[in-house]
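The structure appears below as structure tokens.
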Amino acid sequence: MKRQSQRHFEHDSNPRPYKRSAWIWVALGLVITASTAFAADQSAPVATTAGGNFLFVKAEIDGKIKFTSLKPGDVLTGAITRDVYSGDRQVLPAGSRITVRIDHLEKRRREANDHWPWVIQAFTPRHEAYPVFHAAVVTEAGGTEVPLRVSSFTLQREVEIYPQVKRTKSTPKDTAQGGDLEPRGKTPPRQTLTLEAEEANPAPCEGHSAPATVTLDSGTRAKVILMGQVSASRSRIGDTVQARLVEPVSVGSTMVLPEGTLLEGKVVRSRAPRMLSRAGSLDLTFTALTLPDGSSSRIAASVAGLEVETRSHLKIDPEGQIHGDRPGKAWMLINLGVTSGIAKEVDDGTQLVIEAIVSTATDASTAGTARFAAMAASGLFMLTRHGRDVILPKFTEMSITLDRPVSLPGPTLPPAAK
């Protein structure tokens with residue numbers, strides 16, 4: 001009886017089970033909190049950016065700058081490549097000079113890309129020293145300086161990609177189908193700086209009115225910027241895509257869609273990269289737009305052009321579907337080099353295994369089996385290589401085209417502040 005009561009006392013006085021269960025509940029609470037915060041963090045950028053008077057400034061940098069060699073104190077200068085608007089108001093004209101100074105370097109995780117095969121990416125550092133600055137100064141032609149508060153930016157070598165339309169003998173060299181003048185294929189690369197910024201001293205928004213109803217014809221083009229990353233390997237059919245208009249759309253002298261108009265679309269087709277080096281593909285369509293005053297309309301628009309990083313290796317077909325390009329020479333040479341290494345290792349390894357198991361085996365007798373195993377391993381490696389992915393990072397600039405006419409209510413912006 002004494003021994004039993006002693007065991008009972010020892011069991012009751014042992015706090016470990018209670019501590020263990022307490023830690024389990026604490027861990028569960030942390031997981032739930034982290035999951036909620038992650039979900040909120042994923043949705044926050046789109047909602048925040050859609051709300052304020054953010055400017056999207058794109059400039060071509062002077063000279064050739066190596067991104068990884070930038071250090072605190074370095075100054076970047078360039079020229080703005082397109083007019084910058086806030087609503088229907090032109091804030092900065094194209095050609096204005098921009099100057100930024102690097103404040104410090106920050107260690108960040110590398111963004112997803114498909115520039116090199118997985119063999120190279122496996123040995124690439126997961127983080128990089130990222131230059132950071134929070135201010136920029138734009139100097140207009142007359143000498144007026146406009147300070148900007150920068151919230152985020154990208155610096156990359158960029159090309160413009162357009163659908164490659166097959167010409168016939170009757171089609172003029174510089175005229176596309178339908179008679180519209182437009183570039184084809186890829187333009188020469190340029191080093192660009194894209195800023196998401198706010199005016200340090202914003203001017204009041206002027207009132208604007210338009211007719212009750214305005215119709216945009218089929219084929220009307222607009223310049224938008226993506227508000228989140230989209231890719232063929234991760235995006236699924238039906239996923240929502242959001243973009244923002246960066247240049248107003250006018251009919252004659254009437255401004256119909258001001259800068260800041262939000263467009264919502266979806267992924268229509270998504271095919272991830274497949275074996276046999278077959279590239280991925282992505283098809284986006286925009287189905288609705290929301291004006292700054294909150295009114296919305298249904299539309300149907302497809303992608304007509306992209307501005308992407310030089311090494312993205314993308315192309316667009318006449319229907320607006322985006323495809324990964326074929327693997328280049330460097331891509332194939334890297335995979336062939338890895339294949340040769342696999343074949344060599346499998347050949348030597350097979351001979352060693354056979355000779356260790358079979359005492360009478362020699363190099364000559366195992367050469368055929370080892371060669372067959374090496375060929376099988378290298379062939380399997382090449383067959384399972386996937387093609388290029390289609391990755392469109394956040395802030396990718398694209399041209400879209402209306403696939404059918406749409407009637408819109410004339411926008412009415414808030415009156416000027418008194």
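The values are calculated or read from the model by the stated rules, or taken from the named source; none is laboratory data. Predicted, not measured: the structure shown is a model, and the values here were computed from it. A quick note on method: Cβ atoms are made from the backbone with ideal geometry, for glycine too, and the neighbour counts reach across all protein chains shown.
From the list 298, 311, which one is at pLDDT below 90, assigned by TED's automatic domain parsing to the domain that holds residue 257 and basic (Lys, Arg)? Reasoning before the result, please.
On the way: 298 fails: at pLDDT below 90.
Just one listed residue meets the conditions, 311.
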Might you let me know whether segment 365-378 holds any residue that is touching a helix residue (DSSP H, G or I) at 6+ places or on another chain (Cβ under 8 Å), modelled with pLDDT under 80 and of a type in the set (Lys, Arg)?
-> no
Residue 294 passes all but one of the listed conditions (1) small (Gly, Ala, Ser); (2) in contact with a strand residue (DSSP E or B) (Cβ under 6 Å, 6 or more places away or on another chain); (3) part of a loop (DSSP other than H, G, I, E, B); the exception is number (2)
Only residues in segment 319-342 that are touching a residue at least 24 places away in the same chain (Cβ under 8 Å) count as the first member; pair them with residues that are of a type in the set (D, E, K, R) and surrounded by fewer than 17 Cβ atoms within 10 Å (Cβ to Cβ), Cβ under 7 angstrom, at least 6 apart or cross-chain, and list the lot.
-> 321/269; 323/317
Conditions (1) at pLDDT below 85; (2) under 21 Å from residue 163 (Cα atoms): number failed by residue 339 = (2)
Does at least one position in segment 212-229 carry a residue that is modelled with pLDDT of 90 or more, small (Gly, Ala, Ser) and part of a strand (DSSP E or B)?
-> yes
Outside any strand (DSSP E or B), at pLDDT 85 or above and either on the phi < 0 side of the Ramachandran plot or loosely packed, with under 13 Cβ neighbours inside 10 Å (or both): does that describe residue 45?
-> no
Checked 188, 172 against criteria (surrounded by fewer than 11 Cβ atoms within 10 Å (Cβ to Cβ), at pLDDT 60 or above and in a loop (DSSP other than H, G, I, E, B)); the one match is 188
When you go through (1) surrounded by 13 or more Cβ atoms within 10 Å (Cβ to Cβ); (2) at pLDDT below 55 one by one for residue 179, which number turns out not to apply?
-> (1)
Any idea which residue in segment 254-288 is surrounded by the fewest Cβ atoms within 10 Å (Cβ to Cβ), counting only those that are within 13 Å of residue 322 (Cβ to Cβ) and polar (S, T, N, Q)?
-> 285
Taking the stated definitions as given, is residue 361 outside the structural domain of residue 270 (by TED's automatic domain parsing), farther than 30 Å from residue 191 by Cβ, free of Cβ contacts under 8 Å to residues at least 12 places away in the same chain and surrounded by 15 or more Cβ atoms within 10 Å (Cβ to Cβ)?
-> yes
Considering every residue within segment 144-152, establish whether at least one is assigned to a loop (DSSP other than H, G, I, E, B), at pLDDT 85 or above and in the same structural domain as residue 97 (by TED's automatic domain parsing).
-> yes
Say whether the condition of being farther than 30 Å from residue 155 by Cβ and of a type in the set (Asp, Glu) is met by at least one residue in segment 261-268.
-> no
For residue 264, state whether it is more than 12 Å from the chain's Cα centre (by Cα), at pLDDT 90 or above and of a type in the set (Asp, Glu).
-> yes
